[in-house]
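What follows is one structure encoded as structure tokens, with my remarks underneath.
The values are calculated or read from the model by the stated rules, or taken from the named source; none is laboratory data. Predicted model only: the values in this text are computed from it and were never measured. Note that each Cβ is placed from the backbone with ideal geometry, even for glycine, and that neighbours are counted across all protein chains shown. Heads up: the accessible areas ignore ligands, DNA and RNA and are worked out on the full protein's heavy atoms, side chains in. Shrake-Rupley method; radii C 1.70, N 1.55, O 1.52, S 1.80 Å.
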Amino acid sequence: MARSKNTQFAVAVHVLTYLAGDTGEHPVSSEELSASTNVNPVYVRRVLGPLREAGLVRSRPGVHGGWELAANAHNIPLATVWRLLQGTDPVLGLHGPDPSCAVGRGVQESLTALDHAVAGAVATELERFTVHDVLAGKVAESVTSGQ
């Protein structure tokens, strides 16, 4: 199976779900989150940055510091996470054709329109689910059953 080069959304959902399920009294370290997601702690922190700025997570410095969920998992739609990390980046991986090529300009215009439609469809589908739904296993159940 081909893997996406941009794993930020998947790592963010994993980390948010991990934090939502954590019942400990201490913040979770980047190293612990890194081990769970199987990515570098620096990458985990890079993904968590926009989530912190949006008020979804908070970090505590120090020896016993780490990350905590700052919002209720029931109130974090996956679409919000997607938008925070995707921003205006193309979903389809558009290229930059030679501007003097009439075919390239037409293809680029068409693909850009398709990209906006695909991004909207992704956000619409993700709006149906929250971080809590992922934690509870409701996403896989719902998608598999076609609901």
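Worth pointing out:
- Helix-only mean residue ellipticity at 222 nm for the chain, each DSSP H run of n ≥ 4 adding -39500 (n - 2.57), per residue, nearest 500: -17000 deg cm²/dmol
- Computed from backbone phi with θ = phi - 60° and the Karplus coefficients 6.51, -1.76 and 1.60, the 3J(HN,Hα) list for region 10-22 is 4, 5, 4, 5, 4, 5, 4, 5, 4, 5, 5, x, 6 Hz; x is used for glycine and proline.
- Against the empirical 2.2 N^0.38 Å (N residues), region 1-93 has a Cα radius of gyration ratio of 1.07.
- In a fully extended conformation the segment linking Thr7 and Asn40 would gain 10.7 nm over its present Cα-Cα distance, using 0.36 nm per residue.
- Apportionment of accessible area to carbon and sulfur, region 67-147, percent (1.4 Å): 59
- The listed peptides 89-98, 34-43, ordered by packing as a protection proxy, come out as 34-43, 89-98 (highest mean of other Cβ atoms within 10 Å first).
- Residue among Ala121, Ala20, Ala73 with the largest mean-square fluctuation in a Gaussian network model of the chain, springs linking Cα atoms under 10 Å: Ala121
- Region 10-41 and region 91-110 have Cα centres lying 39 Å from one another.
- Percent RCO, i.e. relative contact order, over region 29-139, from Cα pairs under 8 Å lying at least 6 residues apart: 25
- Mean-square fluctuations from a GNM of the chain, with a 10 angstrom spring cutoff on Cα atoms, peak among Pro27, Pro61, Pro99 at Pro99.
- Less than 5 angstrom separates the built amide H of Thr130 from those of Leu78, all sequence-distant by 5 or more or on a different chain.
- Positive-end residue, the chain charge dipole about Cα centroid, Cβ charges, pick of Thr80, Gln8, Val134: Gln8
- Placed amide H near Ser29: partners under 5 Å, 5+ positions off or other chain: Trp67
- Each residue of region 116-127 was assigned a 3J(HN,Hα) from its phi angle through the Karplus expression (A = 6.51, B = -1.76, C = 1.60, θ = phi - 60°), giving 5, 5, 5, 4, x, 5, 4, 4, 4, 5, 5, 5 Hz with x at Gly and Pro.
- Candidates Val131, Val118, Val15, ranked by Gaussian network fluctuation over the chain, Cα under 10 Å, top entry: Val118
- For the chain, the solvent-accessible area works out to 61 Å² per residue, with a probe of 1.4 Å and every protein chain left in place.
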